[in-house]
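One structure is given here, and the rest of the page talks about it.
No value in this document is a laboratory result; all are computed from the given coordinates. Keep in mind that this is a model prediction, so the values were computed, not measured. Counting neighbours? That spans all protein chains shown, and the Cβs are built from the backbone with ideal geometry, glycine included.
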Amino acid sequence: GESVGLHLPTLSVQEGDNSIINCAYSNSASDYFIWYKQESGKGPQFIIDIRSNMDKRQGQRVTVLLNKTVKHLSLQIAATQPGDSAVYFCAEALNTNAGKSTFGDGTTLTVKP
Amino acid sequence: SQTIHQWPATLVQPVGSPLSLECTVEGTSNPNLYWYRQAAGRGLQLLFYSVGIGQISSEVPQNLSASRPQDRQFILSSKKLLLSDSGFYLCASTGTASTDTQYFGPGTRLTVL
């Protein structure tokens, strides 16, 4: 079966620096990938997504990169702010059903002032 | 965008007692609905999903059941709770299109003692 994992469980960055959170997936059939942000005690919040026919997608201060060759996904956050401190999850979905996603265990991002 | 309501926010129940968690969705019609469970420090595990009234698919064998009595109402139940049922339960919703964003509710923290 598929599995989704994150390379590092924690990441600490200085305010204003760029952050890069990585994720590996194992199912080459996955065609939809999502990044979520979860603050303590709250539900996950959609950040950005990317489909398998794309390599890069940009949002506001965030960029997702997809490398299908090595089954790797990354989330880049520009000019990281204290409000970005949270747990970040990557998820993959099969059959283009966004809800039936397989989640990794998350990376905790801490932004130091 | 959609708004998802869940209640209660927190719940402490004894082993062997019944459970009923409710989720309602605003801002959309005929959504796909999902129940996830999140163990402490881990990612989300999909428990059930529903594509319509009375249509429930179970993703993992467990002590829980789900029902969808109305289009925008999704209920998670148990007849007898186990200690292992403790966790953070999240309801989620997507539209029916594969490109629709998944929205999460605020979650219910369940502790079984």
Please compute the net charge surrounding B:Gln13, taking Lys and Arg as +1 and Asp and Glu as -1 over other residues with Cβ under 14 Å from its Cβ.
+2
From the convex hull of the Cα coordinates of the protein assembly as shown, what is the mean projected area in square nanometres?
12.1 nm²
Give the average over all directions of the projected area of the C-alpha convex hull of region A:4-95, one decimal, in nm².
5.9 nm²
For peptide B:101-108, compute the average count of partner chain beta-carbon atoms within 10 Å of each residue's beta-carbon.
5
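Counting Lys and Arg as +1 and Asp and Glu as -1, what is the net charge of the other residues whose Cβ lies under 14 Å from the Cβ of B:Gln2?
With Lys, Arg at +1 and Asp, Glu at -1, the neighbours total -2.
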Would you work out the charge dipole size for region A:4-95 about its Cα centre, treating the Cβ of every Lys and Arg as +1 and the Cβ of every Asp and Glu as -1, and quote it to the nearest 20 debye?
200 debye
Compute the Kirkwood hydrodynamic radius of chain B, taking the inverse of the mean of 1/r over all pairs of distinct Cα atoms, and give it in Å to one decimal.
14.0 Å
With θ set to phi - 60°, apply the Karplus curve 6.51 cos²θ - 1.76 cosθ + 1.60 along region B:79-90 and write out the HN-Hα couplings as whole Hz, x wherever there is a Gly or Pro.
7, 9, 6, 10, 4, 6, 7, 4, x, 9, 9, 10
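May I ask for the net charge around B:Tyr49, where only other residues with Cβ less than 12 Å from the Cβ of B:Tyr49 are counted and Lys, Arg are +1 while Asp, Glu are -1?
Taking every other residue near B:Tyr49 into account, the sum is +1.
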Pairwise Lys count, the protein assembly as shown - Cα closer than 27 Å, eight or more residues apart or different chains
16
Treating only the Cβ of Lys, Arg, Asp and Glu as charged (+1, +1, -1, -1), what charge dipole size does the protein assembly as shown show about its Cα centre? Round to the nearest 20 debye.
200 debye
Antiparallel content of DSSP bridges confined to chain A, in %, to 5:
90 percent
